[in-house]
Amino acid sequence: MGLDDGDISRIKTQDEAAKRLDDFAAELSGTKSGYMYRTSAADGDDSRPDIRAKKGRKAEAQLSALQQLLNDPEYAQAYGEARQTIDDFKERMRERLAQYEQRIEVIDQKLDAHAPGSPEHRRLTREREGLQKRQQDLLDYYNETIRPFEDRMNDPDNPLSKDDLIQFNDNVRREMDTVFAPIEKA
C-alpha cells in the first residue's frame, strides 16, 4: 500500500504548516534571536533606536502593577510600614503563643495536684480555658485580618491602594495593645 500524490501533497502541507507554527512560536518566545522569521510582521526598516524603544516599552509593560506603584516614594513608604507591622505582629504572635503554651503546661501540672471537682481544680480549669480562648482569638485575628492582607500585599497584579495600606497599618498598630494584653498570673 503506497502513498499516492494526494497523500504526499497532504503530508507536505502539514509539514509546512507545522514549520510555520514552530517559527511563529519561536518568534513569540524570543528563542530564535537573530533569525528573520517568515511570519514576522517586521518590515526590516526599523532603526536600532526604534527597536530599543520598543524593547523598553515592552519591558515597562511587563512590570507588575505593584512594581509600578512602588516607584512612588509615598506608596513605597506606606507599603514598607505595613510590611513592618505584619512582621512585628507575627513576631509578637509567636512569642505570645509560646507564653500561652508555657502557662497552660504549668496549669496542667497544678491540675494534676488537685482532685477533680474541687474549687481549685475548677478555678484552674477556667483559667486554662480562658488561656485557650485567648490563644484561639489571637490565631483567629491573624487568620481573618493579618494573613488575608498579607496575601493581598503579595499579589503583584492586584496591589492595595496607599490609603488601604495606611488604614491597615493604623488599625493593627492600635489593636495590638488589646490583642497582646498581658497574661494574668494564677
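What follows draws every value from the coordinates through simple rules; no lab data is involved. Note that the structure is a prediction, hence the values are computed from the model and not measured. Note that each Cβ is placed from the backbone with ideal geometry, even for glycine, and that neighbours are counted across all protein chains shown.
Across the stretch 151-167, in residue order, what do the Karplus-derived ³J(HN,Hα) couplings come to in whole Hz, using 6.51 cos²θ - 1.76 cosθ + 1.60 with θ = phi - 60° and x for Gly and Pro?
So the J values, rounded to whole Hz, are 4, 5, 5, 7, 8, x, 9, 9, x, 6, 6, 4, 5, 4, 5, 5, 4.
Normalise the Debye intensity by I(0) for the stretch 73-186, one equal point scatterer per Cα, no solvent, then take log10 at q = 0.10, 0.11, 0.12 Å⁻¹ and round to two decimals.
Taken in order of the listed q values, log10 I(q)/I(0) reads -0.41, -0.48, -0.54.
Using the Karplus equation 6.51 cos²θ - 1.76 cosθ + 1.60 (θ = phi - 60°), what ³J(HN,Hα) coupling, rounded to whole Hz, does each residue of the stretch 77-94 give in order, writing x for Gly and Pro?
5, 4, 5, x, 5, 5, 4, 5, 4, 4, 4, 4, 4, 5, 5, 5, 5, 4
Which of the GluC sites (Glu not before Pro) found in the stretch 86-186 are loop residues per DSSP with 13 or fewer other Cβ atoms within 10 Å of their Cβ?
Numbers: sites: Glu91, Glu95, Glu101, Glu105, Glu120, Glu127, Glu129, Glu144, Glu150, Glu175, Glu184; in loops: Glu184.
Answer by residue number: Glu184.
To the nearest 20 debye, what is the magnitude of the charge dipole of the stretch 83-170 about its Cα centre, counting +1 on the Cβ of each Lys and Arg and -1 on the Cβ of each Asp and Glu?
For this selection, approximately 500 debye.
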